[in-house]
Amino acid sequence: YVNLLPVQQKRSLHPGDTREQVLSRRVFLESGAYTPIVEAVKAAATGHEGPILDVGCGEGYYAARVAEHLGAELTGLDISKEAVRCAAAQYKGHRWICGTAAHLPIADESVGVLMSMFALTMPQEFRRVLKEGGIFIQVLAAQDHLMGLKSIIYPEILLKEKDSVPELEGFELVSSTPVRFEFTAEGEQIANLLSMTPHFWRISQEGAKRLQATTALADTASCVVNVYRPM
């Protein structure tokens with residue numbers, strides 16, 4: 001991997017996920033709990049050619065499987081150095097970069113399939129690097145994603161209106177596919193699940209105690225797989 005994140009583009013000394021979060025996410029994802037999401041993204045990418053760029057790649061779980069499915073060259077980028085190091089150690093046949101989505105160190109019109117899995121979308125930069133005929137696959141959490149987890153860690157759940165199929169400047173929507181399925185997390189997998197969500201940063205001491213006392217969590221994953229193409 002290479003670190004192409006200059007100091008002036010950092011908002012903290014160690015931006016992004018910690019090593020503990022990265023390893024927890026790897027253990028959870030490799031259990032197969034989120035396999036329906038992988039299959040939905042592979043289906044969205046079918047028939048398209050690489051190279052693949054995954055922006056916000058984390059430890060590389062999703063992108064590596066899509067790359068294998070397409071037989072395509074893969075570059076993964078994440079602002080977390082720990083995530084990129086973990087991806088490089090696990091998936092050695094690909095290219096991994098520590099960098100920021102706002103300033104992609106990627107050549108113009110060089111990407112065939114761009115992915116963003118529960119991560120930031122930067123339409124102008126994404127449009128710049130996508131080549132003619134390329135696609136952008138965006139996965140966003142739906143409003144009812146992980147309601148079981150939320151009901152334990154928060155005393156009250158405030159539902160905010162969420163745009164799961166946003167309009168993106170410079171892109172047109174090709175398809176939007178909801179993905180919704182039930183799963184169960186037990187023991188340490190409950191803490192692993194928390195660590196890969198934004199709730200990891202928001203949970204209170206009381207919420208953490210309630211979650212720690214939970215031995216089995218039946219929950220529902222709910223997201224949307226959007227496919228865009230540049231206009």
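Brief remarks on what is shown
- Matching residues in region 26-69 - criterion: being among the charged types (D, E, K, R), in contact (Cβ under 8 Å) with a residue 12 or more places away in the chain and farther than 23 Å from His103 by Cα: Arg26, Glu30, Lys42, Glu49, Arg65
- Here Lys92 meets each of (1) of a type in the set (Lys, Arg); (2) without any contact (Cβ under 8 Å) to a residue 40 or more places away in the chain; (3) over 27 Å from Val27 (Cβ atoms) with one exception, condition (3).
- Being touching a Phe, Trp or Tyr at 6+ places or on another chain (Cβ under 6 Å) and at pLDDT 90 or above is a property that does not hold for Leu211.
- Here Asp163 fulfils each of the conditions (1) closer than 19 Å to Gly58 by Cβ; (2) modelled with pLDDT under 95 apart from (1).
- Flag for Val179 being surrounded by 13 or more Cβ atoms within 10 Å (Cβ to Cβ), within 20 Å of the chain's Cα centre (by Cα) and under 29 Å from Lys81 (Cα atoms): no
- Scanning region 35-49 for residues that are touching a strand residue (DSSP E or B) at 6+ places or on another chain (Cβ under 9 Å), assigned to a helix (DSSP H, G or I) and either among the acidic types (Asp, Glu) or open to solvent by less than 40 Å² (accessible area, probe 1.4 Å) (or both) yields a count of 6.
The values are calculated or read from the model by the stated rules, or taken from the named source; none is laboratory data. Here the structure is a predicted model, which means the values were calculated and not measured. Every residue, glycine among them, receives a Cβ derived from its backbone with ideal geometry; neighbour counts consider all protein chains shown. Heavy atoms of the whole protein, side chains included, go into the accessibility calculation; ligands, DNA and RNA do not. Shrake-Rupley method; radii C 1.70, N 1.55, O 1.52, S 1.80 Å.
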